[in-house]
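Student: Dropping a structure here in structure tokens format, bear with me for questions.
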Amino acid sequence: APMPENAAESAEMVVTRPSSFHEMRARREDRRISLSDGLWDRMRTGDLPDPEGTDCRALVDGKVSVSPLTAPHTTEHHGSLDDLAASYGD
């Protein structure tokens, strides 16, 4: 279903963790490598194994996802992001 024009204004913001689900496939033909990512197709249909609290699940549910990231790739809880999400749209 198409998103309403004001979807970004009305979407709830949630603090999430990055998804651990990946469905990337690589195919090699001679010297050419093609990549395909089934994650986006599954997100489009809502058929996603991700539980509540992940960034992909939030997007499928029509929410704005914010994930705290550090390098190397880890997540840490940041209270300031909780405050941001709570005040979003006020």
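Each value in this text was obtained by applying a stated rule to the coordinates, not by laboratory testing. Computed from a predicted model, the values in this text were never measured in an experiment. Here the Cβ is made from the backbone with ideal geometry for all residues, glycine too, and neighbour counts use every protein chain on show.
Student: Considering only Leu48, Pro68, Ser80, whose Cα is most displaced toward the positive end of the charge dipole of the chain, charges sitting on Cβ of Lys, Arg (+1) and Asp, Glu (-1)?
Tutor: After comparing all options, I get Leu48.
Student: Starting at the first residue of the range 28-41, write each ³J(HN,Hα) from the Karplus equation 6.51 cos²θ - 1.76 cosθ + 1.60 with θ = phi - 60°, in whole Hz, x for Gly and Pro.
Tutor: Rounded to whole hertz, the list is 10, 10, 6, 9, 9, 10, 10, 10, 9, 10, x, 4, 5, 5.
Student: In addition: Exactly which trypsin sites (Lys or Arg not before Pro) in the range 7-57 are in a DSSP loop and have at most 10 other Cβ atoms within 10 Å? Intermediate values should be presented prior to the final figure.
Tutor: Numbers: sites: Arg25, Arg27, Arg28, Arg31, Arg32, Arg42, Arg44, Arg57; in loops: Arg31.
Sites meeting the loop and neighbour criteria: Arg31.
Student: Of the residues Ala26, Ala58, Ala11, which exhibits the maximal mean-square fluctuation in a Gaussian network model of the chain defined by a 10 Å Cα contact cut-off?
Tutor: Ala26
Student: Any idea what the dipole of the chain comes to, in debye rounded to 20, about its Cα centre with Lys/Arg Cβ at +1 and Asp/Glu Cβ at -1?
Tutor: It comes to approximately 660 debye.
Student: Let me ask something else. Using only Cα positions of the chain, each an equal point scatterer, no hydration layer, compute I(q)/I(0) via Debye at q = 0.19 Å⁻¹ and quote the log10 values to two decimals.
Tutor: Values returned for q = 0.19 Å⁻¹ are -0.97.
Student: Okay, next question. Ignoring everything except DSSP H segments at least 4 long, calculate the 222 nm mean residue ellipticity for the chain; use -39,500 (n - 2.57) per segment, divide by total residues, nearest 500.
Tutor: Details: 4 runs with 27 residues, N = 90.
It comes out at -7500 deg cm²/dmol, rounded to the nearest 500.
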